[in-house]
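Written out below as structure tokens is the structure these notes cover.
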Amino acid sequence: MLLLRARKGFFSALAFPIKSLYLYYMGKDMIIEMLKSQLEAANATILAMSEEMKSMRRSFEATISDLQKTIANLESLLQERDSSLDKAANELRGMKAVAFPKSEKQKSPAPPKTEEEKAAEKKRREEAVKARGNNGARHKEHFEMETVEKDVYPEDVDKDLCIEVGVRYATRYSMIPPKFVKTIYKMHALKKDDVIYSGKAPVTPLLNSCYDGSFVTGIAELRYLYAMPVERIVKYFRSHGFDLDKGTAHGLLAKTSDLVDKLYEAMGAAVKEDGYLNCDETYHRVLVEADGNDGKGSKKAFIWVIIAAHTGLTYFFYDDGSRSQDVILNELKGYSGLVQSDGLRAYKNLATGSGGKIVRLACLQHCKREFLDDSLKGNPDAKEIIEQSNLLYRNEHRHRIGEDGWTVEDNLKWRRAYAPPILARLKAALTKVRDDMTRYPPKSLMHKAANYFLNEWDGIEAIASYGDVAWDNNLIERTNRHVSASRHSSLFFGSHEGAQRGCKYFSLACTCQNLGINFFDYFSDILGKCVTMPNGAPPEAYRNLLPDRWTKE
């Protein structure tokens, strides 16, 4: 019994730890399972959060991309606005320049006069006022006019019964409108010794034409020198008694331009004989074929011009309206000398590609003109730049070549004396403006103007190295006004051929204008001479017919 109790107690005692171990291991598995489930739940939560974060990142990146696009669009709009504002400002300045042109001609200060010179000047003025009469009013004498003198006697008495006690003079100017004369030549035939002699009518420029050189010249002068459209010329002729068809007027201009082809070629060759050229280009609208609008349209076509500064010869040329640099490069290929122009890249490439044969000079007026804009009035930096630029003119105008024995060599010495200090101050003022980005950002008018001036600096400094060149290109700018006037009144040339024809007439008319020659007298005369030139005569044979060598007979 005791043994049984002991065995029972032993097994009871042994069962407790086994149970505990069982419970322990069973609890561990449960804990592991529980932890696994918690880990899986945590992983699922992390995965969900990761997906959510990816979604948020994608959304954030999309938002950033949209914001970047918006910012880029805003920047583009701001640039377009700035560009539009600049364009509008430039157009406004251009319209102001057309509506209210300002002369940029600088007046040189007169040197101080001695007391003797002042007294002599005062005496001269008093004598001139006394001689003029008419209360001292200044008027031109017009010695170039045909003068007719008429005696006028009192109507109330018989002059044969009176004694003349004095004569007074009065001048009246009258105008005779254009007068058209129809001349009929009766060409008689005479016979002597079985030989028949026949009278001949004067030769006309155009074969089988009734219009002489003066008639064609009248149309050409009004069209190209005074910018009257052919339609207006026809009306003008009709108002003075000649009924001319528009087609006839166009035909006369076209056929006559063919007559002066070789004269025009001679002009192009003679211009390049000068060692100093002024170059520029301007534009005119030209009718061309186009889609729509009945196949007609217009384009902005460019006309190039070269002036021989020493001889005054002017050569307009045209290449289907192209402004490509190849036009001027081909025209002046092989040329050696000085070329003055604005800052167009084509002219700079002309000089750099010449191997040192061409020296390019800049234009001071082009460089300073932006500083004269109304928006810069009162700006001290702009004022300083203008004052220094004008100081170059004032010193230059103290002497003129050919007056009082002043030679090119004298002028060169004078330039080398006055120009360097002025140019140094001018360059310092320009550099100050260009480098001050705070006051003058790159888009500002002041910064652009200063930058253009400095880019042209080598061409400005080069001017001071020569005694007989101008500080600006104003000669050619004045000449281009004839094309500008035509552009505003005639609107367009009818074709590329019409533009080329215009270049021939502009070349001859503007050369006469530059040389102070009456274009009507010149062109009327040389048309007859061109007709009598032998067939096959080369362009060189026409050299003496150009305005610089022409003499009125």
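Per-structure values
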{"read-out": "Local net charge near Leu207, Cβ-Cβ under 14 Å (Lys/Arg +1, Asp/Glu -1)", "value": "-1"}
{"read-out": "Under the span-like rule (Cα at least 30 Å along the axis, Kyte-Doolittle mean at least -1.0), DSSP H helices of the chain", "value": "2-99, 408-435"}
{"read-out": "Among Gly334, Leu287, Cys363 - extreme Cα towards positive end, dipole of segment 276-367, charges at beta-carbon", "value": "Cys363"}
{"read-out": "Fraction of accessible area attributable to carbon and sulfur, the chain (%, probe 1.4 Å)", "value": "55"}
{"read-out": "Global form of segment 404-508, assessed from the alpha-carbon gyration tensor, a/c cut-off 1.5", "value": "oblate"}
{"read-out": "Considering only segment 277-395, percent of DSSP beta bridges that pair antiparallel, nearest 5", "value": "75"}
{"read-out": "For segment 193-289: Kirkwood Rh in Å [reciprocal of mean 1/r, alpha carbons]", "value": "16.8"}
{"read-out": "Stokes-Einstein D for segment 127-280, Kirkwood Rh over Cα pairs, 10 °C, 1.306 mPa s (µm²/s)", "value": "71"}
{"read-out": "Accessible area (Å², per residue) of the chain, counting only protein heavy atoms and a probe of 1.4 Å", "value": "67"}
{"read-out": "Candidate aspartates and glutamates for bridging to Lys150, where Cα separation is under 20 Å - those fewer than 8 sequence places away on the same chain excluded", "value": "Glu141, Asp158, Asp160, Glu164"}
{"read-out": "Where only alpha carbons of segment 222-346 are counted, the Rg and the Dmax (Å)", "value": "18.0, 53"}
{"read-out": "Lys pairs under 23 Å by Cα in segment 162-228, provided they are eight or more residues apart or on distinct chains", "value": "4"}
{"read-out": "Whichever aspartates and glutamates have a C-alpha closer than 17 Å to that of Lys246, once near sequence neighbours (fewer than 8 apart) are set aside", "value": "Glu221, Glu231"}
{"read-out": "Positive-pole candidate from Thr45, Thr147, His399, dipole of the chain, charges at beta carbon", "value": "Thr45"}
{"read-out": "Among the listed pairs Lys504/Lys529; Lys272/Lys357; Lys368/Lys427; Lys255/Lys296, those beyond 22 Å (Cα-Cα)", "value": "Lys255/Lys296"}
{"read-out": "Percentage, to the nearest whole number, of Cα pairs in the chain over 38 Å apart", "value": "56"}
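The values are calculated or read from the model by the stated rules, or taken from the named source; none is laboratory data. Predicted, not measured: the structure shown is a model, and the values here were computed from it. Note: ideal-geometry Cβ built from the backbone for every residue, glycine included; neighbour counts use all protein chains shown. For accessibility, only protein heavy atoms count, side chains too; no ligands or nucleic acids. Shrake-Rupley method; radii C 1.70, N 1.55, O 1.52, S 1.80 Å.
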